[in-house]
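**Q** Structure incoming, see below.
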Amino acid sequence: MRVEFLRANVAGELRSLMTFDKKVFGPDAFDRAMWQEMDAWWMVVDGVKAGCAAFEGDVGFDRHGEPVREKGTLYIATTGVLPRLQGRGLGRLMKAWQVAWAQSHKYRRIVTNHRASNAGIIAMNKAFGFRRIGRIKGYYSAPDEDAISMELVLRK
Ligand SMILES: CC(C)(COP(=O)(O)OP(=O)(O)OC[C@H]1O[C@@H](n2cnc3c(N)ncnc32)[C@H](O)[C@@H]1OP(=O)(O)O)[C@@H](O)C(=O)NCCC(=O)NCCS
């Protein structure tokens with residue numbers, strides 16, 4: 001299996017990113033404006049766009065879930081694998097790549113927010129050493145749900 005992580009050209013590939021996101025996240029998919037603020041990466045497996053990740057650098061969150069500028073914090077906004085390719089270890093590979101990317105770009109910590117019911121990603125993050133740092137009331141809509149905020153400290 002050949003796995004590559006390729007930087008997406010967000011402006012040029014907006015439609016393709018949004019279509020992919022819709023397939024993975026349905027109603028939680030990001031809108032155009034949100035995509036335009038992020039760095040996006042494709043995980044290409046044997047020539048197929050199997051996964052997508054999006055980051056925002058130097059961004060953290062206050063306790064109300066509002067983004068704040070926070071030097072040295074990498075916000076992982078999305079981690080997604082195509083439904084038909086889930087459960088084969090690709091999410092784990094992508095998470096390992098994200099952590100390595102943050103380390104090599106000298107980030108001090110990673111933060112991420114997930115639906116409280118998303119047991120899969122919360123368990124996977126814990127396996128990588130992330131810890132829960134808070135719960136943000138009503139962060140998600142349709143359906144309304146709290147977010148669990150998690151962080152991984154890379155260096156003190
Ligand atoms: C979350 C996601 C990225 C994981 O990718 P994946 O390729 O399916 O995951 P993997 O096959 O690499 O599994 C990684 C680990 O996830 C954990 N996991 C997955 N589903 C789980 C569940 N329902 N409950 C508990 N743990 C679960 C396991 O620890 C698993 O490791 P294992 O091999 O020891 O079982 C993928 O399922 C996905 O895109 N889901 C929809 C989008 C989403 O919710 N993204 C996260 C929020 S940004």
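Only the coordinates and a few stated rules stand behind these numbers; no lab work does. Computed from a prediction, not measured in an experiment: that's the story for all the values here. Positions of Cβ are backbone-derived with ideal geometry, glycine not excepted, and every protein chain shown enters the neighbour counts.
**Q** How big is the stretch 3-153 by Rg and Dmax over its Cα atoms, in Å?
**A** For the stretch 3-153, the Cα radius of gyration and maximum Cα-Cα distance read 14.5, 41 Å.
**Q** The stretch 47-151: which trypsin sites (Lys or Arg not before Pro) are DSSP loop and have at most 12 other beta-carbon atoms within 10 angstrom?
**A** Answer in residue order: Arg63, Lys106.
**Q** Which whole DSSP H helices in the chain pass both tests: a Cα extent of 18 Å or more along the axis and a mean Kyte-Doolittle value no lower than -0.5?
**A** Long hydrophobic helices here: 90-104.
**Q** May I ask you to list the lysines whose Cα is less than 22 Å away from that of Lys23, ignoring any residue fewer than eight positions away on the same chain?
**A** Lys49, Lys95
**Q** Give the aspartates and glutamates whose C-alpha is closer than 14 Å to that of Lys126, dropping any in the same chain fewer than 8 places away, or say none.
**A** Answer for Lys126, where 14 Å is the Cα cut-off: Glu151, listed by chain and number.
**Q** What is the chain's relative contact order, in percent, from Cα pairs under 8 angstrom and six or more apart in sequence?
**A** Relative CO of the chain lands at 17 percent.
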